[in-house]
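The structure under discussion appears below in the form of structure tokens.
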Amino acid sequence: MSGYLEGIIILICINSIAAMGVSLLTGFTGIFTLGHAGYMAIGAYTAAILTVRHHVPWLVAVLAAGTLAMIIAYMIGVPTLKLMGDYFAIASIGLGETIRLILENWQSFTRGARGFPGISNFTTLPVAAGFFLAMLILMRFLINGNYGRAFKACRDDFVAASLLGFKTAHYRVLSLAISGFYCGIAGGLMAGFLTYLQPVMFDMQKSTELTAVVVFGGLGSLSGSIIGTVVIGVVTEVFRPISQYRMLIYGAIMVIIMVARPEGIMGQHEIGPKLARSLFARKPANERDGNHG
């Protein structure tokens with residue numbers, strides 16, 4: 001496999017991990033966010049500083065990156081998730097930009113806009129693929145378990161879920177913390193792949209891209225988020241030679257998909273036996289003969 005193709009696959013694995021985190025919060029819990037690049041930045045700089053300055057093993061550094069991002073997400077979520085709907089989305093933009101600006105202006109610790117060099121190249125293809133599979137399995141267990149049902153209840157009807165006894169405030173904050181963990185892991189792996197970091201890599205455009213691929217793939221579909229990440233990743237690389245028009249083409253593809261399938265590529269379906277049965281199941285007789293009645 002060529003180094004270029006290997007690099008694309010690694011990036012897709014990393015972005016898919018971050019997209020899974022955003023999918024949990026936006027697709028399965030119903031909380032729209034536009035600031036999750038900030039948690040990727042926290043994870044990236046944590047892993048970079050631990051490995052370069054403190055010589056911590058890369059695996060420990062990546063796990064620490066995810067843990068710190070989760071803790072900060074939890075601390076942010078306690079006061080901000082009292083906001084509902086679009087108000088939290090607006091707050092998330094400010095929070096994501098605040099994290100980026102802190103990293104950019106904390107010269108003595110992060111080197112600011114000059115960038116953070118010298119990171120070891122520990123994110124190889126087996127590492128990225130291994131983390132992707134592990135995080136995918138964990139997320140599937142989570143959303144198919146009791147917590148997943150509670151998250152979906154918060155998404156479908158927040159008030160009704162509260163009346164039924166669900167601790168909706170607790171589950172909303174927990175969802176944000178777990179999504180922050182996923183983005184922190186993705187950021188730590190990103191640091192080990194790029195070997196150089198700048199705060200501008202984690203601006204609002206990156207947050208918007210993460211949310212867009214989740215909507216593009218289908219809200220409430222983990223498979224859709226991954227498919228969306230793959231499609232957008234491939235399109236981005238294909239049109240890299242005409243980079244001045246790349247975002248125009250990217251936007252056009254998004255519009256076409258949203259017009260053709262407003263629910264996203266997968267809707268709320270997952271790739272698996274259930275999807276196959278729903279696609280190939282025979283229609284009931286009354287549906288087949290409805291036009292002849």
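The values are calculated or read from the model by the stated rules, or taken from the named source; none is laboratory data. Source: prediction; values computed, not measured. Because the Cβ atoms are built from the backbone with ideal geometry, glycine has one as well, and the counts that use them run over all protein chains shown.
Of the residues making up the range 67-113, those that are buried (at least 21 other Cβ atoms within 10 Å of the Cβ), more than 15 Å from Ala37 (Cβ to Cβ) and not hydrophobic (A, V, I, L, M, F, W, C) number 2. Just to be sure I understand the filter: pairs with C-beta atoms under 9 Å, separated by 6 or more residues or on different chains, first member in the range 237-254 and modelled with pLDDT of 75 or more, second member among the hydroxyl-bearing types (Ser, Thr, Tyr). Which pairs pass? From the range 237-254, the pairs are Glu237/Tyr4; Phe239/Tyr245; Phe239/Tyr250. Listed by position, the helices (runs of 4 or more DSSP H) enclosed by the range 35-148 that each have at least 2 residues that are at pLDDT 95 or above and more than 16 Å from Ile17 (Cβ to Cβ) are 37-53, 58-80. The single condition among (1) surrounded by 12 or more Cβ atoms within 10 Å (Cβ to Cβ); (2) in contact with a Ser or Thr (Cβ under 6 Å, 6 or more places away or on another chain) that Asn121 does not meet is (1). Pick from the range 37-54 the residues that are within 17 Å of Met135 (Cα to Cα) and of a type outside the set (A, V, I, L, M, F, W, C): which of them is surrounded by the fewest Cβ atoms within 10 Å (Cβ to Cβ)? Looking at the filtered set, the residue picked out is Gly43. Trp58 falls short on exactly one of the conditions (1) surrounded by fewer than 22 Cβ atoms within 10 Å (Cβ to Cβ); (2) out of contact with any Phe, Trp or Tyr (no Cβ under 7 Å at 6 or more places or on another chain), and that condition is (2). Residues to consider are Asn146, Asn105; find the one that is without any contact (Cβ under 8 Å) to a residue 12 or more places away in the chain and farther than 25 Å from Thr195 by Cβ. Residue meeting the stated conditions: Asn146. Assess whether Gly148 counts as being crowded, with 16+ Cβ neighbours inside 10 Å, out of contact with any Pro (no Cβ under 7 Å at 6 or more places or on another chain) and within 17 Å of Phe32 (Cβ to Cβ). Taking the combined requirement at face value, the residue does not satisfy it. Consider the range 124-143 and keep the residues that are closer than 17 Å to Ile226 by Cβ and without any contact (Cβ under 8 Å) to a residue 60 or more places away in the chain. The one that is surrounded by the most Cβ atoms within 10 Å (Cβ to Cβ) is Leu138. Among the residues in the range 153-173, are any of a type in the set (A, V, I, L, M, F, W, C), at pLDDT 90 or above and under 20 Å from Ile71 (Cβ atoms)? Yes, because at least one residue in the range 153-173 is of a type in the set (A, V, I, L, M, F, W, C), at pLDDT 90 or above and under 20 Å from Ile71 (Cβ atoms).
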